[in-house]
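Peer 1: Take this structure first; my questions come after.
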């Protein structure tokens with residue numbers, strides 16, 4: 001469902017690449033968690049995946065569409081929640097959701113059912129008529145998630161989706177992501193919340209200094225480390241610290 005092959009991205013000619021010769025695939029029906037320290041290249045990779053940035057070299061495909069040559073068709077298949085969601089603050093939430101669904105040409109009756117379902121799930125159904133400017137950070141995060149889900153994408157891409165969510169909403173989001181993948185769709189998300197990553201992931205990729213340093217299921221990562229009782233947090237710290245040691 002997602003294919004990244006030999007992708008490199010630098011922000012200027014003399015800078016070290018933010019992403020360096022990165023390659024991996026994400027399958028249909030999979031929750032794939034993308035981990036890395038701050039500045040590792042996670043957000044750069046995600047912005048290339050959703051078509052905000054273009055890579056310098058390599059190939060990126062989502063649902064069979066190339067991010068450079070078939071950008072519009074690729075974006076039609078994606079639901080995206082950025083690490084800092086931005087909205088038209090003077091719109092009401094329901095107007096914003098209808099605006100997004102207009103862009104994706106979602107029929108009126110279909111969008112009504114989906115919006116009601118997710119607004120009820122995340123407990124903001126009685127706030128949809130309010131201006132977004134009145135929303136707290138957590139409510140805006142919920143609104144961004146609803147907007148990403150309401151057009152029923154094939155691939156859901158989320159950058160730090162748990163930030164600002166209360167424990168109940170975090171739990172409900174994890175349940176929604178699993179249900180989404182059970183329909184044969186794909187979730188790709190980055191997070192710093194290792195407990196969440198460990199609990200929900202089918203596979204994990206760890207990136208550091210722009211390069212992929214580990215990938216596999218949590219069980220595979222533990223087997224490779226020889227530490228069967230290790231947490232994902234411990235494995236992550238060991239792998240990234242090792243990469244950052246002087247050579």
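The numbers here are math on the coordinates, done by the rules we state, and not lab data. Bear in mind the structure is a predicted one, so any value in this text is a computation, not a measurement.
Peer 1: Please give the calculated 222 nm ellipticity per residue for the chain, where each DSSP H segment of at least 4 residues contributes -39500 (n - 2.57) and the sum is spread over every residue; nearest 500 deg cm²/dmol? Please list the in-between numbers first.
Peer 2: Working: 9 runs with 97 residues, N = 247.
-12000 deg cm²/dmol, from helical runs alone.
Peer 1: Could you give the distance between the Cα centres of region 135-208 and region 1-71, to the whole Å?
Peer 2: 19 Å
Peer 1: With the cut-off at 1.5 for a/c, could you classify region 181-230 from its C-alpha gyration tensor as rounded, prolate or oblate?
Peer 2: On the way: a/c = 1.76, a/b = 1.28, b/c = 1.37.
The shape class here is oblate.
Peer 1: While we're looking at this one, here's another question. Calculate the radius of gyration of the Cα atoms of region 148-205 to one decimal place, then report Dmax, the largest Cα-Cα distance, as a whole number, both in Å.
Peer 2: 10.9, 29
Peer 1: Can you tell me what share of the DSSP beta bridges in the chain is antiparallel? A percent to the nearest 5 is fine. Could the numbers behind the result be given before it?
Peer 2: Details: 18 of 35 bridges.
About 50 percent, rounded to the nearest 5.
Peer 1: Tilt of helix 167-182 relative to the longest C-alpha principal axis of the chain, in degrees (0 to 90, nearest 10)?
Peer 2: 80 degrees
Peer 1: On C-alpha positions alone, give me the angle between the axis of helix 232-244 and the longest principal axis of the chain, in degrees, nearest 10.
Peer 2: With both axes taken from Cα atoms, the answer is about 50 degrees.
Peer 1: Would you mind listing how long region 87-152 runs along its three principal axes, going by Cα atoms, in whole Å with the largest first?
Peer 2: Each principal axis gives a Cα extent; for region 87-152 these are 29, 22, 17 Å.
Peer 1: While we're looking at this one, here's another question. Hey, what does the equivalent ellipsoid look like for region 1-135, semi-axes from the Cα gyration tensor as sqrt of 5 times each eigenvalue, largest first, whole Å? List each step's numbers first, then the result.
Peer 2: Details: eigenvalues 211, 63, 40 Å².
Equivalent ellipsoid semi-axes, largest first: 32, 18, 14 Å.
Peer 1: How are the C-alpha pair distances of the chain spread across 5 Å bins, as whole percents from the shortest bin up?
Peer 2: The percentages, shortest bin first, are 1, 6, 13, 17, 19, 16, 13, 8, 4, 2, 0, 0, 0.
Peer 1: Output the 0 to 90 degree angle, nearest 10, between the alpha-carbon long axis of helix 108-121 and the longest principal axis computed from the alpha carbons of the chain.
Peer 2: Helix 108-121 sits roughly 70 degrees off the main axis of the chain.
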